[in-house]
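Here the structure is laid out as structure tokens; the discussion comes afterwards.
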Amino acid sequence: MGDIQSHLTCNVEQFSQRIKMRDDVDVAREVEHFADFAAIKDARSAGAALEKLGYSVTVARRRLFRGTVRAAKLATVDVETADRMVHEVFAVVAAHHGDYDGWGAPIIQG
């Protein structure tokens, strides 16, 4: 399932890189979260749970039974917001037997 701590550490590293690239981390943009599931039914259940939390969700089939989830929401990318979203998405993914794969967002220079 993975370790949430490694994702939280990545948030700090990503924040530092974004500051170096002059990203305006306080401007909201689409933040995408990704997860993999061994069963498409679990991916669909996780997607439904994430939609209830305000994410726009895309569920795709991988191979015969596997699934992936892309969950997106408008948000800033400061460390506090990134940590909150990672906790939120990670918890849903873990509860549905998935593997959280991290997040990404465009750079917005102010």
* **Residue in the stretch 15-25 that is in contact with a Ser or Thr (Cβ under 8 Å, 6 or more places away or on another chain) and aromatic (Phe, Trp, Tyr) present** => no
* **Condition check for residue 63: under 27 Å from residue 20 (Cα atoms) and of a type in the set (Lys, Arg)** => no
* Are there any pairs with C-beta distances below 8 angstrom linking a residue in the stretch 86-110 that is more than 14 Å from residue 69 (Cα to Cα) to a residue that is among the basic types (Lys, Arg) and not in a loop (DSSP other than H, G, I, E, B), with the two at least 6 apart or on different chains, and if so which? -> 105/29; 106/29; 107/18; 108/29
* Asked: Tell me, which residue of the stretch 1-29 that is surrounded by fewer than 15 Cβ atoms within 10 Å (Cβ to Cβ) and of a type in the set (Gly, Ala, Ser) is nearest to residue 109 (Cα to Cα)?
  -> 28
* Can you confirm whether the stretch 21-34 contains a residue that is on the phi > 0 side of the Ramachandran plot and modelled with pLDDT under 95? => no
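The values are calculated or read from the model by the stated rules, or taken from the named source; none is laboratory data. This one's a predicted model, so the numbers in the text were calculated from it and none came from an experiment. Methodologically, a virtual Cβ is constructed for each residue, glycine included, from the backbone with ideal geometry; neighbour enumeration extends over all protein chains shown.
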